[in-house]
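For reference, the structure discussed in these notes is given below.
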Amino acid sequence: MKFSDRLVSTLRNAQSVCALTGAGISAESGVPTFRGEEGLWKKFRPEELANFNAFIRNPDLVWEWYAYRRKLIRDVKPNPGHFGLVDLERCKKHVTIVTQNVDNLHRRAGSENVVELHGNIERSYCIQCHAFVDEPSPEPLTSVPMCVTCGGLVRPDVVWFGEMLPVEAFSKAESAARHCELFFCIGTSAVVFPAASLPYTALDHGALVVEINREETDLSSRAQEVLIGKAGEILPDLLAQAGIRHEEHL
Ligand code: BV8
């Protein structure tokens, strides 16, 4: 793909970069997206499962759904899209990866400065005493475990619809969006708020906003550069054209 001189020179010279990622960056690893054809939401409606009331109504159903996703995520590996952001982080002063994904793949790829806006499916905690709970057995549990300390229900450490985002995480994300010279919006339909407000914060603070997605989204009309295609193909290509060294990732 031919990239504009503006994009390549901005990427080459920028020292502060922020990347907002969504399910699309993990699609090439085999993790289903939410709204895509094979999307998770096709089979289950988010409000049915990804919210607190649904959990209280039927904790086993919601726990089983997260156990199914946890197993799926453990069986996949990060892809060149994730590794491209690791290469970027290793050659720029300030790179912040702000992810909506709960799949832990940025960390597994080697990214360090990762802000998990919606939590992490690998962590669980008791809704009563808030103690963090390691998964009791290697085999994913199909029914909700109880807290060994207080007997409370154990839930995944993810942000459900209607729940506030972790304050520290969102303020770090907002600060990165306000201070970056270059803001990537990768593999997200940009419909879930307040995460979807971040590209507009970056725009309002003078950053060059670059969208990478297989299709146009609500953001495309406002982004200065819209790169249509797979993140795992476009990112390594763009980084190479900007002279950013690619390291072998095991
Ligand atoms: C809250 C964790 C405050 C759990 C998730 C303002 C306007 C309207 C609504 C609201 C608003 N403010 C708040 C709301 C309500 C709600 C919301 O935004 N609803 C939406 C649906 C309209 N927001 C909330 O509830 C948030 N909390 O506001 O609290 C509050 C509190 C109390 C009272 C009042 C207010 C909490 C939101 C977080 C919910 N948790 N996940 C879990 O994972 O189970 S959201 C979940 O869905 C993901 O984390 C992600 O954020 C979202 C899915 O979006 P994407 O990741 O973008 O995935 P999607 O499938 O949609 O798109 C994939 C894209 O990738 C596509 O565009 C596709 O083309 C592209 N793609 C595919 N393959 C590739 C690719 N691109 C590149 N390469 C490829 N290979």
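For the chain, taking a cut-off of 4.7 Å between Cβ atoms, the unpaired cysteines are Cys91, Cys185. Based on Cα contacts under 8 Å between residues 6+ apart, the chain shows a relative contact order of 25 percent.
Thinking of the chain as a set of Cα atoms, what percent of all their pairs are more than 25 Å apart? Pairs farther apart than 25 Å: 43 percent. Here the Gaussian network model covers the chain, with springs between Cα atoms less than 10 Å apart; of Leu153, Leu165, Leu198, Leu153 fluctuates the most. Our analysis of the range 124-229 gives Rg over Rh at 1.15, with the two radii drawn from alpha carbon positions and Rh computed by the Kirkwood formula.
Using the Cβ-Cβ distance between Arg74 and Lys172 with R0 = 22 Å, the FRET efficiency computed as 1/(1 + (r/R0)^6) comes to roughly 0.25. Our estimate of slack between Gln128 and Phe161, defined as 0.36 nm per intervening residue step minus the Cα-Cα distance, is 9.9 nm.
At the residue level, Thr149 shows approximately 110 square angstrom of accessible surface with a 1.4 angstrom probe and all protein chains present. Using R0 = 30 Å, the C-beta based FRET efficiency linking Lys92 and Asp5 works out to 0.95.
The values are calculated or read from the model by the stated rules, or taken from the named source; none is laboratory data. Note that the coordinates shown come from a computational prediction; the quantities given were computed from them, not determined experimentally. Here the Cβ is made from the backbone with ideal geometry for all residues, glycine too, and neighbour counts use every protein chain on show. These area figures cover heavy atoms from the full protein model, side chains too; ligands, DNA and RNA do not enter into them. Shrake-Rupley method; radii C 1.70, N 1.55, O 1.52, S 1.80 Å.
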